[in-house]
Structures are given as C-alpha cells and as structure tokens.
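Engineer: Would you mind keeping the following structure in view while I ask a few things?
We did not get these values from a lab; they are worked out from the coordinates using the rules stated. Treat the numbers as computed from the prediction; the structure is a model and nothing was measured. Glycine also receives a Cβ, built like all others from the backbone with ideal geometry; neighbour counts cover every protein chain displayed.
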Amino acid sequence: MIRKLGGIRLPHLKGTQISETIIQNTPKKVMIPMSMSMGSEAEIAINIGDTVFVGQKIAQSSGALSLPIHSSVSGKVSAIGEMRLINGAKCKTVEIESDGEQTLSADIKPPQITDKDSFIDAVKESGICGLGGAGFPTYIKLSTKSDIDTLIINAAECEPYITSDCREIIEHTDDVTDGIRLIMKWLDIKKAIIAIEANKPEAIEALNQNLENSSDISVFVLPESYPQGAEKVIIHTVTKRVVKVGMLPSDVGVIVINVSTASQIKRYCDTGIPLIKRRVTVEGDCVSKPCNIMAYIGTSARELFELADTNFSKVNRVIFGGPMMGISKMSADAPITKTTNAILALAKKEYKPQTACIRCARCINACPLKLMPTEIEKAYNARDIDRLKKLDVMLCMNCASCSYVCPANRNLAETNQLAKSIIPKG
Ligand code: SF4
Ligand code: SF4
C-alpha cells in the first residue's frame with residue numbers, strides 16, 4: 001500500500017520542448033513489427049509482392065489484447081521476416097518498399113460511432129495503444145464495466161530528454177481537448193483532469209488558454225519529481241486514491257489515458273486514418289541537433305538519428321524510450337514502433353562496479369511505492385516466494401529510482417524484474 005510517495009529529482013534535459021516537430025519525408029522502406037503493444041502478436045494478412053496503401057490493414061488482431069496493424073506507406077511488400085523482442089521472443093515483421101506516392105487506402109473512412117460499443121470498436125480498429133510507452137491497448141481500458149468518475153490524462157513525461165507529449169500539447173491543443181471530450185462523451189465520464197509537470201510552462205499555458213471557459217476539464221500541475229507518470233503514482237497524486245496489488249485503476253473509479261493517445265483518438269474519429277505515424281524525441285549526447293520528428297512507424301531509428309545529425313562513431317548505447325525505463329537496443333537499425341516516444345544515442349559511460357549494500361535506505365526512500373528493494377534483492381537471491389509476496393514485489397513498476405540513488409550501484413530494478421518473474425501467476 002502507498003503510505004507516502006517517494007520519488008527522485010532527475011536532470012531536466014528537455015531542450016527539445018521549445019522547437020517545432022520536424023515532419024519526416026516518406027521513408028524508402030519500412031519494417032513493421034507484428035508485436036508493438038501488449039498482447040499477442042497480430043496475424044499477417046498480406047503476402048510478399050502485394051501492393052499496399054497507406055492505412056491498409058496488414059495484420060489482424062489475434063487473441064487477447066491484440067491490435068490490428070496498418071501500413072504506414074504505400075508500396076510493395078518486399079519481405080516477411082523476424083526480429084527479436086526484448087523478452088527474447090521472436091516476432092514477425094513486414095517489410096514494405098515505398099513507392100513514394102503515399103496513396104491512401106480506399107478503405108479509409110471516418111468510423112460510424114453511435115454509442116459506447118461502437119466507439120470502443122473504432123478505437124480498437126484504429127490500432128491505438130498507450131503512446132506514452134506502455135503500449136496497453138486503449139480499447140481495453142475503455143471497455144471497463146466499472147463506474148468511472150474521473151478521466152486522468154497523463155501528460156507527465158517525467159524522464160529526462162522526452163518531450164514528445166509536450167510538443168503534442170503545444171502543437172495540437174485542440175485535438176487534445178477534443179479527444180478528451182470524445183472519451184468523456186462515449187464513456188459518460190463527467191470530469192477529466194490533465195496532469196502535467198510544472199516544468200512544461202508553454203504546454204500548461206496552451207492548455208489553460210484552450211480551457212479558459214471550460215468546467216469539465218481541468219489542469220493539475222504535478223511536482224517535478226520522477227516517476228510522476230506511473231499510473232499508480234499519478235492516480236494517488238491527483239485523486240489520493242490507492243490502487244493496491246491486483247487492482248486496476250478502474251477499481252478506484254479512474255481511467256488513465258496518455259495525452260497523445262487522446263488526440264490520436266480524435267484524429268482517427270475525424271479521418272479514419274489509423275495509427276501509422278508518431279512523434280519521436282531524438283536526443284542524447286551523440287546527437288548534434290536534438291529534435292522531435294513525426295515519424296512513420298517502421299522507419300529505422302538510424303534514419304531519424306541521421307536527420308538529427310548524430311555522431312555514430314561515438315555511440316555506445318541506443319535506447320528506445322527514456323534513460324530510466326527505456327530499452328537498450330543492439331543496433332540503431334531497429335524500427336520505430338507504436339510505443340517509441342524517444343530514441344537516445346549515448347556515448348560510453350564510466351563503468352561503476354557493484355559493491356556491498358551499506359544499508360543506507362536511500363533505495364527505500366526513493367521508491368514511490370515505499371517498497372524495500374534491498375530486502376527484495378535478498379528474498380530473490382534466496383528464491384523465497386512467500387517473502388517476495390509479503391514485500392509486494394508485484395507492485396514494482398521498474399522505474400529504476402532505487403538503482404539510480406544506490407551508492408553501491410546495485411542493480412535493484414533489474415533484480416525486482418527477475419523477482420517478479422518467479423512469482424507464480426494467478
Ligand atoms: S540504496 Fe543501495 S546501499 Fe543503500 S540500502 Fe539500498 S541497496 Fe543498500
Ligand atoms: S524500480 Fe520498483 S522498487 Fe525500485 S523504486 Fe521503482 S517501484 Fe520502487
């Protein structure tokens with residue numbers, strides 16, 4: 001249970017929040033993974049050699065939580081291959097060579113929405129998942145049977161470097177608030193709160209101006225600490241409600257939707273064009289011109305790094321996402337997916353070896369959920385499942401605040417992930 005929120009201060013490093021998004025030219029080729037969100041892999045619905053159009057469905061949803069996948073370019077399917085995901089599993093990929101025409105699929109038309117069910121069906125068909133990086137299919141969140149009194153719009157974006165949501169608010173304020181009102185209308189939610197950190201003054205100003213005469217949507221300014229954007233933390237900060245182990249936000253009357261996800265829903269309802277592009281922050285100490293790029297899904301990260309003038313000879317690590325919770329990639333050739341909010345090119349860091357725990361308790365004080373990472377580490381090493389359960393390891397959201405503050409450089413967050421994986425499901 002959350003007794004008192006911890007959290008840490010991280011360097012801001014958000015220089016890209018003041019510059020306009022660059023629009024990527026149509027890429028020559030895209031490689032689209034069939035697994036880009038939580039849930040099972042989508043089923044490929046085209047063949048090598050087929051001609052495809054922008055927005056055409058190239059893979060059907062299959063099984064629980066799965067989402068359809070659409071082509072981001074028009075052209076020819078040149079290959080169906082495989083790539084390895086972070087969990088070691090393989091997923092299929094569809095490679096499309098662009099014809100440069102960007103011809104829209106004839107199937108594209110705005111969805112007919114008449115009630116909650118048809119709204120949820122439309123959101124599913126759009127292929128939208130949480131664009132903040134979590135990748136949970138949005139239609140599942142909206143399908144709740146619980147009574148929801150508050151819609152929280154997550155605009156926290158609290159990891160260093162990432163400004164993709166911030167630019168969405170500044171550049172498309174109307175889409176953001178219209179998207180929120182669509183969700184409120186079809187799910188009959190009376191109140192929405194946009195939660196955004198205090199260090200985004202331009203975005204806060206844009207929202208306040210847009211909402212000047214509104215009483216249904218308000219802006220909640222969050223303190224500048226990490227991890228504000230984690231669902232359990234943001235719900236507690238905004239509503240003081242506690243989401244306990246095994247509970248969903250809807251169990252406490254709340255749905256949390258990422259801010260860019262809300263505006264993407266609005267654009268899909270207007271145009272019928274599914275999720276084929278997204279804004280990506282390109283940053284890191286090897287990037288000469290950090291920026292945000294509106295990128296085609298399936299583009300190789302290398303192409304975006306080149307646009308941002310990256311010195312590849314210095315790059316030691318490529319991260320998809322932020323430096324705290326992002327995923328290191330073996331190569332800059334990995335494709336941009338629905339959940340890639342940032343790509344970072346970082347130079348070599350001094351290696352700091354792990355030393356023995358000095359029982360300073362900094363990890364406990366830093367944990368926003370007041371877990372005890374040092375005890376979890378011990379219980380994991382002893383494979384003591386009962387003790388791990390008592391320590392509420394399943395609450396850990398892998399924010400890495402504990403590892404960040406540890407003077408002994410212990411891999412606490414990593415160990416927590418391993419510890420979660422040995423807890424039997426159900
Ligand atoms: S912060 Fe590191 S050294 Fe301090 S108690 Fe936690 S694990 Fe031990
Ligand atoms: S990684 Fe887990 S244990 Fe560590 S600070 Fe974050 S929530 Fe707490």
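Engineer: What is the local net charge at S164, summed over the other residues whose Cβ is closer than 15 Å to its Cβ (Lys, Arg +1; Asp, Glu -1)? Each step should come with its number before you reach the end.
Structural biologist: Numbers: positive: K14, R167, K200, K277, R278, R279, K338; negative: E20, E157, E159, D165, E168, E171, D175, E197, E202, E283.
Computed value for this residue: -3.
Engineer: What dipole magnitude, in Debye to the nearest 20, does region 362-421 give about its Cα centre under +1 on Lys/Arg Cβ and -1 on Asp/Glu Cβ?
Structural biologist: On the way: 9 positive and 6 negative charges, 13 e Å.
That gives a dipole near 60 debye.
Engineer: How about region 1-61: which GluC sites (Glu not before Pro) there are in a DSSP loop, with at most 15 other Cβ atoms within 10 Å of their Cβ? Please list the in-between numbers first.
Structural biologist: Values: sites: E20, E41, E43; in loops: E20, E41.
Qualifying residues, ordered by number: E20.
Engineer: While we're here: Which value, in debye to the nearest 20, describes the size of the charge dipole of the chain about its Cα centre when Lys and Arg Cβ atoms bear +1, Asp and Glu Cβ atoms bear -1, and nothing else is charged? All intermediate terms of the calculation are to be shown ahead of the outcome.
Structural biologist: Numbers: 51 positive and 47 negative charges, 374 e Å.
The calculation lands at about 1800 debye.
Engineer: Still on this structure, I have one more. As an exercise, identify the trypsin sites (Lys or Arg not before Pro) in region 144-239 lying in DSSP coil whose Cβ has no more than 16 other Cβ atoms within 10 Å. Let's see the in-between values first.
Structural biologist: Numbers: sites: K145, R167, R181, K185, K190, K191, K232; in loops: K145, K190.
Answer in residue order: K145, K190.
Engineer: Where does the charge balance sit around L307 when Lys and Arg score +1, Asp and Glu -1, over other residues with C-beta under 13 Å from its C-beta? The partial results should precede the final answer.
Structural biologist: Working: positive: K289, R302; negative: E283, E303, E306, D309.
Summing Lys/Arg as +1 and Asp/Glu as -1 gives -2.
Engineer: Then there is this: Would you mind ranking T239, T163 so that the residue whose beta carbon has the fewest other beta carbons within 10 Å leads the list? Let's see the in-between values first.
Structural biologist: Details: T239 18, T163 27.
Ordered from fewest to most neighbouring Cβ atoms within 10 Å, T239, T163 come out as T239, T163.
Engineer: Could you please state, rounded to a whole Å, how far the C-alpha centre of region 353-369 is from the C-alpha centre of region 186-211?
Structural biologist: A separation of 35 Å, based on Cα centres.
Engineer: Restricting to the chain, compute how many DSSP beta bridges are antiparallel as a %, nearest 5.
Structural biologist: On the way: 37 of 60 bridges.
Percentage antiparallel, nearest 5: 60.
Engineer: Using the crude model of +1 on Lys and Arg Cβ and -1 on Asp and Glu Cβ, and no other charge, please compute the dipole size for region 27-105 relative to its Cα centre, in debye to 20. Walk me through the numbers on the way to the answer.
Structural biologist: Numbers: 7 positive and 8 negative charges, 38 e Å.
Result for region 27-105 is approximately 180 debye, rounded to the nearest 20.
Engineer: What is the distance, in nm, between label points placed 7 Å from the Cα along the Cα-to-Cβ direction at K244 and at E202?
Structural biologist: 4.5 nm
Engineer: With a cap of 16 neighbouring Cβ atoms within 10 Å, and only residues DSSP puts in a loop, list the GluC sites (Glu not before Pro) found in region 100-163.
Structural biologist: Numbers: sites: E101, E125, E157; in loops: E101, E157.
For GluC sites (Glu not before Pro) across region 100-163 that sit outside H, G, I, E and B with at most 16 neighbouring Cβ atoms in 10 Å, the list reads E101.
Engineer: Between H12 and K145, what length in nm is gained on full extension when 0.36 nm per residue of separation is reduced by their alpha carbon distance? Display every interim value, and only then the final one.
Structural biologist: Numbers: separation 133, 0.36 × 133 = 47.88 nm, distance 3.89 nm.
That pair, H12 and K145, stretches by 44.0 nm at full extension.
Engineer: Among I336, P323, I23, which residue has its Cα furthest toward the positive end of the charge dipole of the chain, with +1 on Lys/Arg Cβ and -1 on Asp/Glu Cβ?
Structural biologist: Farthest along the dipole direction, towards plus: P323.
Engineer: Now for a separate question. For H12, H70, H172, what's the fewest-to-most ordering of other Cβ within 10 Å of each Cβ? Present the calculation step by step, with values, prior to reporting the outcome.
Structural biologist: On the way: H12 12, H70 25, H172 21.
So the residues, fewest neighbours to most, are H12, H172, H70.
Engineer: Something else now. Compute the separation of the alpha-carbon centres of region 385-426 and region 276-318 and state it in Å as a whole number.
Structural biologist: 31 Å
Engineer: Would you mind counting up the charge near R387? Only other residues with Cβ under 13 Å from its Cβ, with Lys and Arg at +1 and Asp and Glu at -1. Walk me through the numbers on the way to the answer.
Structural biologist: Values: positive: K378, R383, K389, K390; negative: E375, E377, D384, D386, D392.
With Lys, Arg at +1 and Asp, Glu at -1, the neighbours total -1.
Engineer: Once you order the gyration tensor axes a ≥ b ≥ c over the Cα atoms, which shape class does region 27-105 get: rounded for a/c under 1.5, otherwise prolate or oblate by comparing a/b with b/c? Display every interim value, and only then the final one.
Structural biologist: Working: a/c = 2.23, a/b = 1.62, b/c = 1.38.
It comes out prolate by the Cα gyration axes.
Engineer: Looking at T355, H236, S300, which one has the Cα that reaches farthest to the positive end of the dipole of the chain (charges on Cβ: Lys, Arg +1; Asp, Glu -1)?
Structural biologist: The residue sitting farthest along the positive end of the dipole is T355.
Engineer: Could you please rank M324, M394, M38, placing first whichever residue has the fewest other Cβ atoms within 10 Å of its Cβ? Walk me through the numbers on the way to the answer.
Structural biologist: On the way: M324 20, M394 14, M38 17.
Taking fewest neighbouring Cβ atoms as first place, the list is M394, M38, M324.
Engineer: Modelled label-to-label distance, K109 and E350, 7 Å Cα→beta-carbon offset: nm?
Structural biologist: Each label point lies 7 Å from its Cα, and together they span 6.5 nm.
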